[in-house]
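To keep things clear, I will list the structure first and then write my remarks on it.
The values are calculated or read from the model by the stated rules, or taken from the named source; none is laboratory data. Everything numeric here is computed off the predicted structure, so don't read it as measured data. Ideal geometry is used to build each Cβ from the backbone, glycine not excepted, and the neighbour counts take in all protein chains shown.
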Amino acid sequence: MRPTLLDPLFAPLNSLPGIGPKAGDLYARLLGRDGIDDCRVIDLVFHAPHSLIDRRQQPGIALSPQGAIVTITGRVDRHQPPPPGRNSQPYRVFLHDDTGELALTFFRAKGNWLEKALPVDETVIVSGKVDWFNGRPSMVHPDYMVRASEADNLPLVEPVYPLTAGLSARILRKAVEAAIARLPDFPEWLDDALTSKQSFASVRESFVALHDPRDAADIDPQAPSRRRLAYDEFLAGQLSLSLVRQRLRKVAGVPVHATGALSEPVLAALPFSLTGSQQAAITDVLKDMAGSDRMLRLLQGDVGSGKTAVALMTMLAAVESGGQAVLMAPTEILARQHFATLSKMATPAGVTIDVLTGRTKGKERDAILERIASGQTQIVIGTHALFQDTVVYDNLLLAVVDEQHRFGVHQRLRLTAKGISPHMLVMTATPIPRTLVLAAFGDMDVSKLTEKPAGRKPIQTVTVSNERTGEIVDRLRTALSEGKKAYWICPLVEESDVSELMSVDERFALLSAEFGKTVGLVHGRMNGAEKDAVMLAFKNSDIRLLIATTVVEVGVDVPDATIMVIEHAERFGLAQLHQLRGRVGRGAEASTCILLYKGPLSENGRARLSILRDTEDGFLIAEEDLKLRGEGELLGTRQSGTPGFRIASLEAHGDLLEIARKDAAYIIDRDPDLTSERGEALRTLLYLHRRDEAIRFLRAG
Ligand SMILES: Nc1ncnc2c1ncn2[C@@H]1O[C@H](COP(=O)(O)OP(=O)(O)OP(=O)(O)O)[C@@H](O)[C@H]1O
C-alpha cells in the first residue's frame, strides 16, 4: 500500500485548480502520458524548468539586445491608439528612460484599460522581449507592467518550463505552484554521511529549489537540488533492480549439467570454429548455470560477433540436462529468422525446435502448446507470445531474451511472476556503455563478445552529401549488374517531416523505375507474412536491392549483402547506424557503407558521422554516442516505453549512479525486506518514483 503521505501527490492531476477537460489533453501531451486520467500531481512536481528568466537585467532601452527579455524602468510619454475603424492596427504606448524611447505594442487592446495601467507621466516598470525594427526598439505585449511604486509585484526571477502548443507559461506555472504546495515532509531515506558529504538538502527542499531557481547555476544539472533528486531517482532504480535480482536469485536455481552430448556434434558440424570471445561467454554461462543460484547474465555482443551461436550452445546445455530452453526475440521477423538459422545449425543434435509467435494460430498453435507442455519440444523460439498464460512448460531451464534495443525489466518480471524461474541470459544487439547497463539492468553479470569472427573484411564507410545521390545510384547499377546485393535504408517518416524527407515509398518508386523487379521494399506497416516474403526473396537473390526502414536494423542476417546505403544518416543515432552498417560485412566479401547526409551538417553532426567512419568498434561508438546524444536517444530507449529518467542524466550524474549502485547493494544486504526505519522510508522513495513493481515483488517474495 502506498504510504498515505503520498496521497496528495498521486491524486489525479486534474484535481489541481484550473485543469479542465480541454487543458487535460494538453497536460497529457506535455507529460508524455496517454490521457489526463494517467497524469498525477507528482508528474508536474517532476516537470523541471529548463531555464530561467532573470528580470533583474535592466540594461536600459537603447542597450537592450535584440530578442532579449529585459526589464525597463521608464516614464510614460504618450498613448497612440489605432486610427478609428482600424482596429487591426496596434495600440502603442511610448515611454523613455535616460537612454532612449521604447514602444509598447498591443494588438486588440482596450484603450481605457491601458490608460489605467500606464498613465502618462507615471514611472512604470515593464518586462518582456525586446524587438528592434528599423533601429527602433519595441516590446509586444509585455509580460509584466507595474507602477514603480509597486515594484514588489514583479517576480525578479522566473523558471521557464518545457511547454506544449496551447498551454501558456503562466498557466503552467500556476499549476506547478499548486502541485508544489502539496509536497509533504518526506522521511529522509538517505544516509546522513552521504547527505552531508554531498551537501544534499532534504527531498522537500530540493523539489522546492528545483522550481524556484535564483540564478543560472540553479538550472545546471550540477545544482545541489538537481543532484539530490537525480540521486534519489538512481537509487530508486537501483534498489528496484536489486530487489528483483535478489528475488530472482532466491527462487529455484535448478543446476544445469552440460554433458556435451548435443553441443559437441553441433560444434563439429559448424562451418567455422568459435572465436575466443564466444568460447569465453559460453564458459561463463555454463559455469553460472551449474551452480545453485539462478543465472542472470547479460551478453553484450558487437554487431555480427556471433551471439546466436552462443545462445544455441547454452540452450543445448539446458536440453542435455533434461530440460527445455526458450529464445525470445523482440520481433516476428527475428524470431522466424532465429528459428530458421538455429534449426539448421542444430540439426546434428537431433533436438525438437518449435517457433511460437503471435502469428501462430489455430491447430498449429494447439499442437505446439501440447508439445511444449509434454516436454517433447526442447527448444522454443518466439516472441513475447512465449510467456502468455496459455503456454505451459514441462521443465524450462533456460530463457534467452534477445532484448536488442528494448530494455525491459517488465518482461523479465512477467516471466518470474508466472512462477517460472529459469536461468536467464539477456542479449543486447549493440554494446551499451557501462553507465547505461547499470541504469537499465543494475548490477548484472556481463559477458562481452569483443572479437569478430575470423576472415571478416573491414567495412569501408564513406560519408556523401545527398546532392550526390545520382552518383551513388550509378555505382549501385554497376554493383547490381555484378550480382551484388545492397540495402537502402530510409528513416521513418513522421507526418511533420513529409515535405523534407524522402519516404521509403518514394525511394522505392524511384529505384524501381531504375532497376525494375530486382528492387524490394520492407517497412513497419507491412504485415508479418509480407515482410517475411520480401526478406526471403532478398536472401534467395530474387531481390537484390532492398529498400527498407529500420525494421532491418536488428539482427537481420543476409551474409552476401555487401552494400549499405543509409539515407539521411544525420537523423540516426550512432549506435543505430552501427547496427545498420552491421547488416553488411557479414561474409567473406569486402563491404561498403555509404552514409548519405543532408547538409549542411552541424558540428556535432559532422563529429558523429566521422566517428562512424573512423571505427568499427561498437564499444567505442557506444561511449561516444552517449557523450554526444544523451542516453534518452541512445539505442532508442525513449521509444521503447522504458521509463526514462526525469531529473537524472547519465552524462551529468554518472558519478551518482555509481554511488547509488553501492548504496542499493548495501541496503539490500542488510535489510532485504526493507523493514527497518530507513527501509520504510525507502519504500516511500520507491513509490514516489513509481517503482511499485519492486514493492509488489517484495511482498510476493
Ligand atoms: N566464430 C565464427 N566464425 C565465423 N562466422 C561466424 C562465427 N560465429 C558466427 N558466425 C556467423 O556470423 C554471422 C553473424 O552471427 P550472428 O547472426 O549470431 O551475429 P549477432 O551477434 O547476432 O550480430 P547481429 O546483432 O549483428 O545480428 C552469422 O552468419 C554466423 O553464422
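Can you run down the residue pairs with Cβ atoms below 9 Å, 6 or more apart or on separate chains, where the first is in the stretch 324-350 and in the same structural domain as Val391 (by the TED database) and the partner is aromatic (Phe, Trp, Tyr) and more than 14 Å from the ligand (Cβ to nearest atom)?
Gln324/Tyr393; Val326/Phe387; Val326/Tyr393; Met328/Phe387
Quick one: in the stretch 292-314, of everything that is assigned to a helix (DSSP H, G or I) and near the ligand (Cβ under 6 Å from one of its atoms), which residue is surrounded by the fewest Cβ atoms within 10 Å (Cβ to Cβ)?
The initial filter retains those residues of the stretch 292-314 that are assigned to a helix (DSSP H, G or I), namely 307-314.
When the remaining residues are screened for being near the ligand (Cβ under 6 Å from one of its atoms), the result is 307-309.
Numbers: Lys307: 23, Thr308: 20, Ala309: 23.
Among those residues, the one meeting the criterion is Thr308.
Among (1) β-branched (Val, Ile, Thr); (2) over 14 Å from Val462 (Cβ atoms); (3) more than 16 Å from the ligand (Cβ to nearest atom); (4) surrounded by 22 or more Cβ atoms within 10 Å (Cβ to Cβ), there is one condition Ile594 misses while meeting the rest; what is its number?
Every listed condition holds for Ile594 apart from (2).
For every residue, the table says whether it meets (1) under 24 Å from Ala217 (Cα atoms); (2) assigned by the TED database to the domain that holds Pro137.
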{"residue": "Ser15", "(1), (2)": "no, no"}
{"residue": "Ile19", "(1), (2)": "no, no"}
{"residue": "Lys22", "(1), (2)": "no, no"}
{"residue": "Asp25", "(1), (2)": "no, no"}
{"residue": "Ile36", "(1), (2)": "no, no"}
{"residue": "Cys39", "(1), (2)": "no, no"}
{"residue": "Ile42", "(1), (2)": "no, no"}
{"residue": "Val45", "(1), (2)": "yes, no"}
{"residue": "Ala62", "(1), (2)": "no, yes"}
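Tell me, which residue of the stretch 537-586 that is away from the ligand (no atom under 15 Å from the Cβ), more than 29 Å from the chain's Cα centre (by Cα) and surrounded by fewer than 19 Cβ atoms within 10 Å (Cβ to Cβ) is farthest from Glu403 (Cα to Cα)?
The qualifying residue farthest from Glu403 (Cα to Cα) is Asp542.
Quick check on my filter: what residues within the stretch 1-35 are free of Cβ contacts under 8 Å to residues at least 40 places away in the same chain, part of a helix (DSSP H, G or I) and among the charged types (D, E, K, R)?
Residues satisfying the conditions are Asp7, Lys22, Asp25.
Could you tell me which of the residues Leu102, Leu163, Leu154, Leu167 is of a type in the set (A, V, I, L, M) and modelled with pLDDT of 90 or more?
Sole residue among the options that is of a type in the set (A, V, I, L, M) and modelled with pLDDT of 90 or more: Leu102.
Tell me, please, whether a residue that is in the same structural domain as Asn395 (by the TED database) and closer than 18 Å to Ser421 by Cβ can be found in the stretch 301-310.
No; the residues of the stretch 301-310 include none that is in the same structural domain as Asn395 (by the TED database) and closer than 18 Å to Ser421 by Cβ.
Given the conditions (1) within 24 Å of Phe538 (Cα to Cα); (2) surrounded by fewer than 16 Cβ atoms within 10 Å (Cβ to Cβ); (3) within 33 Å of the chain's Cα centre (by Cα), and given that Lys485 satisfies all but one, which numbered condition is not satisfied?
Against the list (1) within 24 Å of Phe538 (Cα to Cα); (2) surrounded by fewer than 16 Cβ atoms within 10 Å (Cβ to Cβ); (3) within 33 Å of the chain's Cα centre (by Cα), Lys485 comes up short only on (2).
One line per residue, one yes/no per condition, for (1) in contact (Cβ under 8 Å) with a residue 24 or more places away in the chain; (2) surrounded by 17 or more Cβ atoms within 10 Å (Cβ to Cβ); (3) over 19 Å from Pro213 (Cα atoms):
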{"position": "Asp37", "(1), (2), (3)": "yes, no, yes"}
{"position": "Ser51", "(1), (2), (3)": "yes, no, no"}
{"position": "Gly60", "(1), (2), (3)": "yes, no, yes"}
{"position": "Arg75", "(1), (2), (3)": "yes, no, yes"}
{"position": "Pro81", "(1), (2), (3)": "yes, yes, yes"}
{"position": "Arg86", "(1), (2), (3)": "no, no, yes"}
{"position": "Gly100", "(1), (2), (3)": "yes, no, yes"}
{"position": "Phe106", "(1), (2), (3)": "yes, yes, yes"}
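Looking at Gly455, Gly483, can you tell me which residue is within 16 Å of the ligand (Cβ to nearest atom) and in contact (Cβ under 8 Å) with a residue 40 or more places away in the chain?
Result of the check over Gly455, Gly483: Gly455.
Answer yes if at least one residue in the stretch 244-253 is within 30 Å of Asp43 (Cα to Cα), aliphatic (A, V, I, L, M), in a helix (DSSP H, G or I) and touching a residue at least 60 places away in the same chain (Cβ under 8 Å), and no otherwise.
yes
Does Ala665 satisfy the criteria of being in a helix (DSSP H, G or I) and surrounded by 21 or more Cβ atoms within 10 Å (Cβ to Cβ)?
no
Please work out which residue is nearest to the ligand (Cβ to nearest atom), limiting yourself to the stretch 430-449 and to residues that are surrounded by 17 or more Cβ atoms within 10 Å (Cβ to Cβ) and part of a loop (DSSP other than H, G, I, E, B).
Within the stretch 430-449, the match that is nearest to the ligand (Cβ to nearest atom) is Thr430.
Within the stretch 257-277, does at least one residue satisfy the condition of being within 16 Å of the ligand (Cβ to nearest atom), under 32 Å from the mean Cα position of the chain (by Cα) and either within 18 Å of Asp445 (Cα to Cα) or assigned to a helix (DSSP H, G or I) (or both)?
Among the residues of the stretch 257-277, at least one is within 16 Å of the ligand (Cβ to nearest atom), under 32 Å from the mean Cα position of the chain (by Cα) and either within 18 Å of Asp445 (Cα to Cα) or assigned to a helix (DSSP H, G or I) (or both), which makes the answer yes.
Would you point out the residue of the stretch 458-475, among those that are surrounded by 12 or more Cβ atoms within 10 Å (Cβ to Cβ) and within 30 Å of Pro271 (Cβ to Cβ), that is nearest to the ligand (Cβ to nearest atom)?
So, considering only residues that are surrounded by 12 or more Cβ atoms within 10 Å (Cβ to Cβ) and within 30 Å of Pro271 (Cβ to Cβ), the one nearest to the ligand (Cβ to nearest atom) is Ile459.
Answer yes or no: is there a residue in the stretch 64-77 that is modelled with pLDDT of 90 or more, small (Gly, Ala, Ser), outside the structural domain of His689 (by the TED database) and assigned to a helix (DSSP H, G or I).
no
Assess whether Gln337 counts as being part of a helix (DSSP H, G or I), near the ligand (Cβ under 10 Å from one of its atoms) and modelled with pLDDT of 95 or more.
Working: part of a helix (DSSP H, G or I): yes; near the ligand (Cβ under 10 Å from one of its atoms): yes; modelled with pLDDT of 95 or more: no.
When the stated conditions are applied, Gln337 does not pass them.
Scan the stretch 359-397 for residues that are without any contact (Cβ under 8 Å) to a residue 40 or more places away in the chain, assigned to a loop (DSSP other than H, G, I, E, B), closer than 19 Å to Met315 by Cα and out of contact with any Ser or Thr (no Cβ under 8 Å at 6 or more places or on another chain) and report the count.
2
Which numbered condition in (1) modelled with pLDDT of 95 or more; (2) exposed (fewer than 14 other Cβ atoms within 10 Å of the Cβ); (3) polar (S, T, N, Q) is the only one that Ser199 fails?
Among (1) modelled with pLDDT of 95 or more; (2) exposed (fewer than 14 other Cβ atoms within 10 Å of the Cβ); (3) polar (S, T, N, Q), Ser199 violates only (1).
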